[in-house]
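To keep things clear, I will list the structure first and then write my remarks on it.
The values are calculated or read from the model by the stated rules, or taken from the named source; none is laboratory data. The shown structure was predicted, so the numbers you read here are calculated from the model rather than taken from an experiment. Neighbour counts run over all protein chains shown; Cβ positions are idealised from the backbone, glycine included.
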Amino acid sequence: MNEEKIMQGRKIGVFDSGIGGLTVLRELNALFPNDNFFYIGDTARLPYGTKSRETVIRYSESLARIVLGFGVDAVVVACNTASTHALEAVTVLAAPVPVIGMIEPAAYAAVAATRNNHIGVIATAGTIQSGAYARTLDRVSPHTTVCSAACQMLVALAEEGWTDQGDPVVRSILSRYLDPLFDHAHAPDTLILGCTHFPVFSHIITEILGDGVTLINSGVAAAKTLSSCLGAAKYPVDPQNRIRFFATDDPTRFARNACRFFDHPLDSHQVELIDISYSAAEDDKARQAMSRLQNPSGQSIKSTAA
């Protein structure tokens, strides 16, 4: 990779299981217009939402090692599933570089927004089954009621570009997911979009639920958290070369689908193919990082960080 393309200035690494994390990059780009970004979409190994915790940790560490290799000043785990299972491992691996995930920023934003202390969460099956949002919301605000739904099909719809407000199929699927959460007297007044693909459905969700329900975009919340952590950049960078995009498979398809999630279209030549294979030495580093997450009895500590 040609490092001469990288301008001087602060660098922020962002990784996701695919292209959904581009909704996070879009928010980061808006808040950090004078910073360089490295975005990696793990298109060779998606989806993460149906993978085991151990697999998600392994994949996330491999991506974290790549972005850390660019000498970044912060890492954003732009995937709710990776944030659920691997944030602690990535934080240990990246230290002292700050690492921001999706779960905790969204939880704090939801607690600040709710008026009736009832929060809904929609996310992938892996995120919902982990209970990460429920645990984090309980820690942030113990008196909050939380209800959730695994909406795995929405990921496929977003990837295929089925996001049209007028599409009756999309509206029907969304209603089927949302009705059990909201079709009762004490319904949530706040809904966390707990998957980075889901902001593309925001307008349809608001049409279905009405303006009385506040939608929490985890990417927006994470960008604000990172802003509080890093502050504004001191020096501007070259606007032409400050964002680099990488995919672990099929950069052409990545570029073609990116327009649904990012704020401007990409050409295939703007997306670089990156090798996710790693050496035995890097494997040893990963095992050492994981060993720091072990308690004295040798049992792995379950991550509740997000």
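Each residue in region 132-168 was checked for being free of Cβ contacts under 8 Å to residues at least 12 places away in the same chain and over 28 Å from GLU207 (Cα atoms), and 2 pass. Each residue in region 224-239 was checked for being among the charged types (D, E, K, R) and either farther than 19 Å from VAL75 by Cα or not in a helix (DSSP H, G or I) (or both), and 2 of them qualify. Taken residue by residue, region 43-55 has no member that is of a type in the set (Asp, Glu) and either in contact (Cβ under 8 Å) with a residue 40 or more places away in the chain or assigned by TED's automatic domain parsing to the domain that holds ALA158 (or both). Looking at region 258-266, is at least one residue over 21 Å from TRP162 (Cα atoms) and either aliphatic (A, V, I, L, M) or under 20 Å from the mean Cα position of the chain (by Cα) (or both)? Within region 258-266 (the criterion being over 21 Å from TRP162 (Cα atoms) and either aliphatic (A, V, I, L, M) or under 20 Å from the mean Cα position of the chain (by Cα) (or both)), the answer is no, since none of the residues qualifies.
Let's see how each residue does on (1) part of a helix (DSSP H, G or I); (2) touching a Leu at 6+ places or on another chain (Cβ under 9 Å):
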{"residue": "LEU25", "(1), (2)": "yes, no"}
{"residue": "ILE40", "(1), (2)": "no, yes"}
{"residue": "ILE66", "(1), (2)": "yes, no"}
{"residue": "THR84", "(1), (2)": "yes, no"}
{"residue": "ALA89", "(1), (2)": "yes, yes"}
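Could you list all residues from region 99-118 that are touching a helix residue (DSSP H, G or I) at 6+ places or on another chain (Cβ under 7 Å) and either of a type in the set (Asp, Glu) or surrounded by fewer than 17 Cβ atoms within 10 Å (Cβ to Cβ) (or both)? Answer for region 99-118, where residues must be touching a helix residue (DSSP H, G or I) at 6+ places or on another chain (Cβ under 7 Å) and either of a type in the set (Asp, Glu) or surrounded by fewer than 17 Cβ atoms within 10 Å (Cβ to Cβ) (or both): just GLU104.
Annotation: LEU266 fulfils all but one of (1) surrounded by 13 or more Cβ atoms within 10 Å (Cβ to Cβ); (2) at pLDDT below 90; the unmet one is (2). Residues of region 29-45 include none that is at pLDDT below 95, crowded, with 21+ Cβ neighbours inside 10 Å and among the aliphatic types (A, V, I, L, M).
Say we look at region 3-28 and pick out the residues that are at pLDDT below 95 and surrounded by fewer than 24 Cβ atoms within 10 Å (Cβ to Cβ); which of these is nearest to VAL76 (Cα to Cα)? Among them, the one singled out is ARG10. Looking across region 232-258 at every residue that is exposed (fewer than 14 other Cβ atoms within 10 Å of the Cβ) and either within 21 Å of ARG10 (Cβ to Cβ) or in contact with a Gly (Cβ under 9 Å, 6 or more places away or on another chain) (or both), the one that is modelled with the lowest pLDDT is identified as PRO236.
Quick check on ALA86: is it in the same structural domain as GLN152 (by TED's automatic domain parsing), in contact (Cβ under 8 Å) with a residue 40 or more places away in the chain and touching a helix residue (DSSP H, G or I) at 6+ places or on another chain (Cβ under 6 Å)? Spell out how you get there, then give the answer.
Working: in the same structural domain as GLN152 (by TED's automatic domain parsing): no; in contact (Cβ under 8 Å) with a residue 40 or more places away in the chain: yes; touching a helix residue (DSSP H, G or I) at 6+ places or on another chain (Cβ under 6 Å): yes.
Judged against the criteria, ALA86 is not a match.
Which condition from (1) in contact (Cβ under 8 Å) with a residue 24 or more places away in the chain; (2) not assigned by TED's automatic domain parsing to the domain that holds THR214 is the one that ILE122 breaks? Every listed condition holds for ILE122 apart from (2).
Of all the criteria given as (1) in the same structural domain as ASP263 (by TED's automatic domain parsing); (2) of a type in the set (Gly, Ala, Ser); (3) under 20 Å from THR23 (Cα atoms), the one not satisfied by ALA150 is (1).
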